[in-house]
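The structure appears below as structure tokens.
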Amino acid sequence: MAVRRSFAVRLGLALAAAGLPQLAAAEATKPSPKQVAAVRACADKHKDDDIAEAERKCVFALVAEPCQSTPEGQSTIGMAECFRLETAIWDDLLNENYKRLRDGLDAQQAAKLRDMQRAWLASRDATCGFYDVRINGTMAIPAAAACLTRETARRALLLRAFGDM
């Protein structure tokens, strides 16, 4: 999604300004097929649970937390990269769920869905961007990245629930 790339660009610029060139290598990293399968399987397994329960079981526990237990995942940049890996998985699920939902709507409903999604993107970016303002330090980097993961996962789960109605 363009908004996610925009945030990644801003994050990359902030890291470069801080003298942290590791982001260039991190940007090339993609979730492994095993990580993707684990998140997808969890989301499928808990599709009938309420969103909070599915979130509790599927978000962070399968990708971000195990990643952060590695030596590479323990630095500030490494932590942010672990969240970014998981966000990429949830973003793909979000886009799939959005398209599936949209395809089942009439033109008026589809326009409302588009408007709702645009408003959510602005809200997500403002919310996650606030970590930098509030924390104003290096810990804002993984905190904002975790926020993006959590909010993207929640939205993917919500759009799936709407699509299953």
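A compact table of results
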quantity: Selection count, segment 58-82, where residues are among the aliphatic types (A, V, I, L, M) and not in a loop (DSSP other than H, G, I, E, B); calculated: 4
quantity: Residue within segment 144-152 that is out of contact with any Phe, Trp or Tyr (no Cβ under 7 Å at 6 or more places or on another chain) and modelled with pLDDT of 95 or more present; calculated: yes
quantity: Test: residue in segment 67-79 that is under 30 Å from Phe162 (Cα atoms) and of a type outside the set (Lys, Arg); calculated: no
quantity: Which listed residue, of Asp132, Asp164, Asp106, is exposed (fewer than 14 other Cβ atoms within 10 Å of the Cβ) and either in contact with a Gly (Cβ under 7 Å, 6 or more places away or on another chain) or touching a residue at least 24 places away in the same chain (Cβ under 8 Å) (or both); calculated: Asp164
quantity: Looking only at segment 48-57, and only at residues there that are free of Cβ contacts under 8 Å to residues at least 40 places away in the same chain and outside any loop (DSSP other than H, G, I, E, B), the one that is nearest to Ser32 (Cα to Cα); calculated: Lys57
quantity: Options Gln74, Gln68: the member that is of a type in the set (S, T, N, Q) and modelled with pLDDT of 95 or more; calculated: Gln68
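Here is a yes/no grid of residues against (1) within 14 Å of the chain's Cα centre (by Cα); (2) of a type in the set (A, V, I, L, M, F, W, C); (3) not in a loop (DSSP other than H, G, I, E, B):
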{"position": "Arg102", "(1), (2), (3)": "no, no, yes"}
{"position": "Ala110", "(1), (2), (3)": "no, yes, yes"}
{"position": "Arg134", "(1), (2), (3)": "no, no, yes"}
{"position": "Pro142", "(1), (2), (3)": "yes, no, yes"}
{"position": "Thr149", "(1), (2), (3)": "yes, no, yes"}
{"position": "Thr152", "(1), (2), (3)": "yes, no, yes"}
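The values are calculated or read from the model by the stated rules, or taken from the named source; none is laboratory data. For clarity, every value in this text was computed on a predicted model and none was experimentally measured. Reconstructed Cβ throughout: ideal geometry from the backbone, glycine too, with neighbour counts over all protein chains shown.
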